[in-house]
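K.L.:
Structure provided below as structure tokens; questions to follow.
The values are calculated or read from the model by the stated rules, or taken from the named source; none is laboratory data. The structure presented is a predicted model; accordingly, all values stated were derived computationally and were not measured. Neighbour counts run over all protein chains shown; Cβ positions are idealised from the backbone, glycine included.
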Amino acid sequence: MINDKLPKIWYGGDYNPEQWGPDAWQEDERMFKLAGIDVATVNVFAWALNQPSEDTYDFAQLDATIDRLYKSGVHVCLATSTGAHPAWMAHRHPDVLRVDAQGRKRKFGGRHNSCPSSPTYRKYSAKLAGKLAEHYKDHPALLIWHVSNEYGGYCYCDNCAAGFRVWLKERYKTLDELNRVWNTRFWGHTFYDWEEIVVPSELSEEWNGNRTNFQGISLDYRRFQSQALLDCYKLEYEEIKKHTPNIPITTNLMGLYPELDYFEWAKHLDIVSWDNYPSLDTPVSLTAMTHDLMRGLKGGDPFMLMEQTPSQQNWQPYNSLKRPGVMRLWSYQAVARGADTVLFFQLRRSIGACEKYHGAVIEHVGHEHTRVFREVAELGQELQQLGDKLLDARTEAKIGIVYDWENRWAIELSSGPSVALNYANEVHKYYDALFQMNVESDMISVEENFDKYEVVIAPVMYMVKPGFAKKVEKFVESGGTFLTTFFSGIVNENDLVTTGGYPGELRKVLGIWAEEIDALLPGRSNQLVMKQAWGELSGQYQCELLCDLIHAEGAEVLAEYGSDFYKGMPGVTVNSFGKGRAYYLASSPEATFLQGFLKNLCEEKGIQPLLETPAGVEVARRVKNDQAFLFLLNHNEAAAEVEVGSGKKDALTNLEVSGTVTVPGRGVVILQGSK
């Protein structure tokens with residue numbers, strides 16, 4: 001478990017008592033007890049209070065807060081507060097301020113406003129983390145460290161340019177090698193001195209966010225910025241570990257956030273934590289996929305739900321309320337998919353600035369007689385009942401879906417073939433097809449061990465990193481099933497095209513080669529026409545976005561294109577390779593096709609759905625020792641009935657359950673039984 005001082009699902013969230021006074025603090029303690037709050041995340045944005053000047057540290061207010069919380073039965077997740085530097089630092093040390101992609105130097109303001117290459121920021125952030133760790137190392141309230149907050153944002157200042165050149169020297173050793181991997185003979189970009197290299201901003205190579213003249217340069221700058229921010233985290237991590245080697249350390253990630261390589265970051269987190277803020281209309285399966293991705297960052301280990309809102313966000317275009325029951329439902333969705341905490345932002349609403357309309361456990365009215373507080377208190381009581389039943393429980397999926405941030409960067413930076421190609425969306429289509437069938441899947445990195453899976457799916461694997469193709473060949477040769485799609489196997493890790501026909505290094509295992517890629521205009525489509533019925537698949541299905549024009553060289557053709565000049569060319573293939581099979585989908589098909597296709601693959605491998613359920617009822621499972629916990633999550637307004645068999649009991653009531661279970665609208669049932 002995360003920390004055995006509190007052996008249950010932690011319940012609480014971000015707490016900012018420095019924004020209030022003693023009268024509010026007394027009420028907070030009373031209401032926390034009513035709600036079952038047992039963990040408060042404190043000190044997230046208090047750097048200016050912790051350190052009034054270069055050499056002065058003042059933890060008196062923080063001492064009082066932590067002591068007061070612990071006395072009332074609340075433990076702390078202690079943040080280092082380095083997510084926003086103090087005004088005095090920006091005033092006296094301007095190197096701490098970022099420069100944006102347009103070359104404009106920031107003034108003090110906002111948050112996430114510190115340059116990751118700034119010597120000042122690195123010095124003082126690490127020093128503060130060490131001071132905090134030394135001061136609180138023996139405090140019994142301390143459960144976990146929370147470094148900074150929601151890292152993100154790139155900087156284009158001179159310090160970053162210098163750091164980038166150092167990073168490049170370490171990566172490529174020589175200018176000859178750098179010129180080769182960046183293909184700098186294009187447009188006369190050959191570099192003869194490291195100092196000639198500038199950052200790829202809108203003053204040089206880039207425009208409109210992800211448009212660039214030189215993919216290799218821009219791709220490497222994203223790698224560098226992700227690493228520079230990670231280095232800042234690691235400096236604080238190392239200072240904390242000197243004083244509290246046995247207290248876990250995390251920082252809150254942001255799901256599908258595009259700018260940081262979270263698989264690389266996760267190697268340096270003791271436990272993954274993340275902030276979940278879907279909109280009212282976010283597909284349920286997309287939220288589920290993101291939870292699974294966070295679980296997958298450390299090979300299936302449980303994670304922390306660090307933030308969610310009890311009611312509404314403040315920053316989306318339309319900040320809808322969570323309908324009655326939805327907060328509980330979405331909280332259990334996180335638990336069902338691997339969370340061992342349920343934490344909110346925030347415990348009490350601010351009265352000023354941009355988050356004063358962000359939901360909270362304690363609303364502006366200031367008492368417990370609100371719908372939101374009642375729901376929070378009811379969930380708190382249930383989590384007390386569950387105790388440690390679910391802690392450290394795992395998911396046992398037989399299907400792995402590959403997700404890779406560097407591949408995403410390369411696709412987004414690509415100079416074609418379609419502006420509509422969205423990597424995360426294409427991955428989600430495959431996840432969603434399995435989700436709708438109640439088939440478990442893991443979100444995995446390219447470095448994950450494939451041997452524990454029956455099926456590995458790698459949608460739009462545009463970038464093939466060193467060793468990946470051989471790994472796929474070994475997996476398939478040993479009996480595994482591999483599936484990839486259009487626009488795969490195009491480039492290497494430097495975004496240089498692998499010549500000899502797409503899909504490059506994957507050509508051997510797939511038994512095909514592609515000569516062209518057609519980008520379909522919005523609203524246009526082609527068809528995948530089955531050559532013969534396969535399971536529930538027969539006839540033709542719409543496909544869109546991109547169409548690879550491929551040739552079979554050993555692979556069996558399952559479907560052909562139905563129209564345009566490439567009518568009759570292969571659209572779906574399967575290649576027998578050793579004991580296994582490798583599938584290729586040359587276009588982006590409609591959901592009906594994908595569900596039928598993946599159902600057939602599951603049947604081939606003997607993979608069964610967890611349960612059969614009505615539409616809108618999600619099923620997830622966690623396993624601990626010989627016990628399985630089956631979560632039935634009804635995302636519909638109306639009640640739904642689910643056949644669950646026998647030999648189970650309700651984990652919340654301990655009552656025996658068999659036959660048909662009624663799951664209330666926006667309700668949850670947790671069934672416990674033998675694995």
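K.L.:
Kindly establish whether Lys242 is of a type outside the set (Val, Ile, Thr), free of Cβ contacts under 8 Å to residues at least 40 places away in the same chain, part of a helix (DSSP H, G or I) and not assigned by TED's automatic domain parsing to the domain that holds Met443.
P.N.:
No, not satisfied.
K.L.:
For the structure I just gave you, tell me whether Phe487 is among the hydrophobic types (A, V, I, L, M, F, W, C), under 29 Å from the mean Cα position of the chain (by Cα) and not in a helix (DSSP H, G or I).
P.N.:
Criteria met by Phe487.
K.L.:
Can Glu440 be described as part of a loop (DSSP other than H, G, I, E, B) and acidic (Asp, Glu)?
P.N.:
Values: part of a loop (DSSP other than H, G, I, E, B): yes; acidic (Asp, Glu): yes.
Yes: the conditions hold for Glu440.
K.L.:
Taking Ala334 as the residue in question, decide whether it is aliphatic (A, V, I, L, M), outside any loop (DSSP other than H, G, I, E, B) and closer than 25 Å to Val284 by Cβ.
P.N.:
yes
K.L.:
Additional query: Inside the range 92-106, can you point out the residues that are in contact with a Phe, Trp or Tyr (Cβ under 7 Å, 6 or more places away or on another chain) and part of a helix (DSSP H, G or I)?
P.N.:
Val96 - this is the single residue of the range 92-106 that is in contact with a Phe, Trp or Tyr (Cβ under 7 Å, 6 or more places away or on another chain) and part of a helix (DSSP H, G or I).
K.L.:
A follow-up question, please. Considering only the range 1-35, how many residues are over 18 Å from Phe373 (Cα atoms) and in a helix (DSSP H, G or I)?
P.N.:
Result for the range 1-35: 5.
K.L.:
Please name all residue pairs, on different chains or six or more residues apart, with Cβ atoms under 6 Å, provided the first residue is in the range 509-537 and is outside the structural domain of Tyr561 (by TED's automatic domain parsing) and of a type in the set (A, V, I, L, M, F, W, C) and the second residue is surrounded by 18 or more Cβ atoms within 10 Å (Cβ to Cβ) and at pLDDT 95 or above.
P.N.:
Pairs that qualify, where the first residue is outside the structural domain of Tyr561 (by TED's automatic domain parsing) and of a type in the set (A, V, I, L, M, F, W, C) and the partner is surrounded by 18 or more Cβ atoms within 10 Å (Cβ to Cβ) and at pLDDT 95 or above: there are none.
K.L.:
Of a type in the set (Gly, Ala, Ser), over 18 Å from the mean Cα position of the chain (by Cα) and not in a loop (DSSP other than H, G, I, E, B): does that describe Ala433?
P.N.:
Criteria met by Ala433.
K.L.:
Can you pull out every residue in the range 271-320 that is over 25 Å from Arg621 (Cβ atoms) and touching a helix residue (DSSP H, G or I) at 6+ places or on another chain (Cβ under 9 Å)?
P.N.:
Leu280, Thr309, Pro310, Ser311 - these are the residues of the range 271-320 that are over 25 Å from Arg621 (Cβ atoms) and touching a helix residue (DSSP H, G or I) at 6+ places or on another chain (Cβ under 9 Å).
K.L.:
Answer yes if at least one residue in the range 349-361 is touching an Asp or Glu at 6+ places or on another chain (Cβ under 8 Å) and either in a loop (DSSP other than H, G, I, E, B) or surrounded by fewer than 16 Cβ atoms within 10 Å (Cβ to Cβ) (or both), and no otherwise.
P.N.:
Yes, some residue in the range 349-361 is touching an Asp or Glu at 6+ places or on another chain (Cβ under 8 Å) and either in a loop (DSSP other than H, G, I, E, B) or surrounded by fewer than 16 Cβ atoms within 10 Å (Cβ to Cβ) (or both).
K.L.:
Another one. Take the range 60-85 and flag every residue that is in contact with a Lys or Arg (Cβ under 8 Å, 6 or more places away or on another chain) and assigned to a loop (DSSP other than H, G, I, E, B).
P.N.:
Matches in the range 60-85: Ser72, Gly73, Gly83, Ala84.
K.L.:
Say we look at the range 313-331 and pick out the residues that are among the hydrophobic types (A, V, I, L, M, F, W, C) and outside any helix (DSSP H, G or I); which of these is surrounded by the fewest Cβ atoms within 10 Å (Cβ to Cβ)?
P.N.:
Taking the range 313-331 and keeping what is among the hydrophobic types (A, V, I, L, M, F, W, C), we get 315, 321, 326-327, 329-330.
Still in the list and also outside any helix (DSSP H, G or I): 315, 321.
Working: Trp315: 10, Leu321: 14.
That would be Trp315.
K.L.:
Of the conditions (1) surrounded by fewer than 16 Cβ atoms within 10 Å (Cβ to Cβ); (2) free of Cβ contacts under 8 Å to residues at least 24 places away in the same chain; (3) in contact with a helix residue (DSSP H, G or I) (Cβ under 7 Å, 6 or more places away or on another chain), Pro119 fails just one. Which one is it?
P.N.:
That leaves (2) as the condition not met.
K.L.:
Checking Ile490 against (1) out of contact with any strand residue (DSSP E or B) (no Cβ under 8 Å at 6 or more places or on another chain); (2) free of Cβ contacts under 8 Å to residues at least 40 places away in the same chain, which single condition isn't satisfied?
P.N.:
(1)
K.L.:
Answer yes or no as to whether Val642 is part of a strand (DSSP E or B), among the aliphatic types (A, V, I, L, M), out of contact with any helix residue (DSSP H, G or I) (no Cβ under 9 Å at 6 or more places or on another chain) and without any contact (Cβ under 8 Å) to a residue 60 or more places away in the chain.
P.N.:
Answer is yes for this residue.
K.L.:
Looking at the range 378-395 only, could you name the residues that are among the aliphatic types (A, V, I, L, M), out of contact with any Ser or Thr (no Cβ under 8 Å at 6 or more places or on another chain) and assigned to a helix (DSSP H, G or I)?
P.N.:
Leu383, Leu386
Yes/no matrix, rows are residues, columns are (1) hydroxyl-bearing (Ser, Thr, Tyr); (2) crowded, with 20+ Cβ neighbours inside 10 Å:
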position: Ala24; (1), (2): no, no
position: Asp28; (1), (2): no, yes
position: Leu34; (1), (2): no, no
position: Thr41; (1), (2): yes, yes
position: Gln51; (1), (2): no, yes
position: Phe59; (1), (2): no, no
position: Ser72; (1), (2): yes, no
position: Ala87; (1), (2): no, no
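K.L.:
A further question follows. Among the candidates Ala162, Ala126, which residue alone is in a helix (DSSP H, G or I), touching a residue at least 24 places away in the same chain (Cβ under 8 Å), of a type outside the set (D, E, K, R) and crowded, with 18+ Cβ neighbours inside 10 Å?
P.N.:
It is Ala126.
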